[in-house]
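One structure below.
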Amino acid sequence: MTEERGKSWSPPWSATVLTLFPEMFPGPLGQSLAGKALKNGIWRLETVDIRDFARDKHRSVDDAPFGGGPGMVMRPDVLADAVDHVAAASRDGGRVIYLSPRGRRLDQAMARELVAQDGIVLICGRFEGVDQRVLEERGIEEVSVGDFVLSGGETAALVLLDAVVRLLPGVIGDGAALEEESFAQGLLEYPQYTRPQNWEGHEVPEVLTSGHHGNIRAWRRAQAEELTRERRPDLWERYLRSAKSRG
Ligand code: 9WO
């Protein structure tokens, strides 16, 4: 325990999730280190049931799309009331994110941005999406976790939360493991091996059992670079550029 730590208290990083299926949270996150951290108060998770903001006796949250077409659209009035309810309670500058395949792609840099804030508000859509006007009028950002369509935003929200929460101090050991990650340096992960040393006739690469830590570090770096160059030319280009600018 250092002097700095514990000197001033700030509330834990918090996620507020707006959804029609609050029982989907924390879901699989409850099983992992993120779940343990949630129990330990390292972060807070609050769900808001969008249906609680429905106005009519049938508690309807969706309606047919203007212009026709298949399916239903989430009503702007109901969703805006849910957003305003949490925005009033949340701190200023907090980002409100709608999970959508149309959004800016989530990457490790965005995860680091999000963990540096006090918290986030996530909106999970269902049906064919939400009325465009509520996104525009409430300054809601769109974030995608990949180029595919899901049945709703909830599983995408779980992916985003997993990526962000594991970066909180104290969720994964002392943070050394995080610094070690090749991805933190813009590379894919190097291959991993464990016992048995010979499995179905296949030996573990000799360098890893040599005890020579300098050689091991160099081998892993070379493997990470080779994998990145072969599989992800986009990441490789960026890595080369950032290595250059670092000199
Ligand atoms: C469904 C659909 C059906 C007929 C014609 C057009 C259609 N669009 C959609 C659609 O995009 N549905 C979405 C389902 C509505 C918002 C929530 N859903 C969602 C979010 N699917 N996939 C995501 C998502 C979120 C973040 N990153 C990747 C995918």
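The numbers here are math on the coordinates, done by the rules we state, and not lab data. These numbers come from a predicted model, not from an experiment. When we count neighbours, we look across all protein chains shown, and the Cβ atoms used for this are built from the backbone with ideal geometry, even at glycine.
So here's what we get for this one:
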| item | result |
| --- | --- |
| Low-density loop positions, chymotrypsin sites (Phe, Trp or Tyr not before Pro), region 88-167 - DSSP coil, at most 11 other Cβ in 10 Å | F148 |
| Along each principal axis, Cα extent of the chain, largest first, Å | 71, 50, 43 |
| Check: region 77-220 dipole with +1 on Lys, Arg Cβ and -1 on Asp, Glu Cβ, in debye | 260 debye |
| Amide H within-cut-off set for Y98, under 5 Å, with H built and near neighbours excluded | I123, E141, E142, V143 |
| Spin-label model distance (nm) - S151 vs D63, 7 Å beyond Cα toward Cβ | 2.7 nm |
| Amide hydrogen neighbours beyond the local backbone of V48, cut-off 5 Å, H modeled | V17, L18, T19 |
| Size of electric dipole in region 2-165: Cβ of Lys, Arg +1 and of Asp, Glu -1, about Cα centre, debye, nearest 20 | 380 debye |
| Per-bin percent of Cα-Cα distances, region 176-245 [10 Å] | 18, 42, 30, 8, 1 |
| Residue among L33, L158, L227 with the largest mean-square fluctuation in a Gaussian network model of the chain, springs linking Cα atoms under 10 Å | L227 |
| FRET efficiency for H212 and D107, using Cβ-Cβ distance with R0 set to 41 Å, rounded to 0.05 | 0.75 |
| Partner lysines for K7 [C-alpha distance under 28 Å; skip if fewer than 8 residues away on the same chain] | K36, K39 |
| Segment S245-R232, extension gain: residue separation times 0.36 nm, minus the distance between their alpha carbons | 2.7 nm |
| Farthest positive-ward along region 176-245 dipole, Cα basis, beta-carbon charges - from L235, L208, Q192 | L235 |
| Positive-end extreme of charge dipole, the chain - chosen from W9, V134, G68 (charges on Cβ) | W9 |
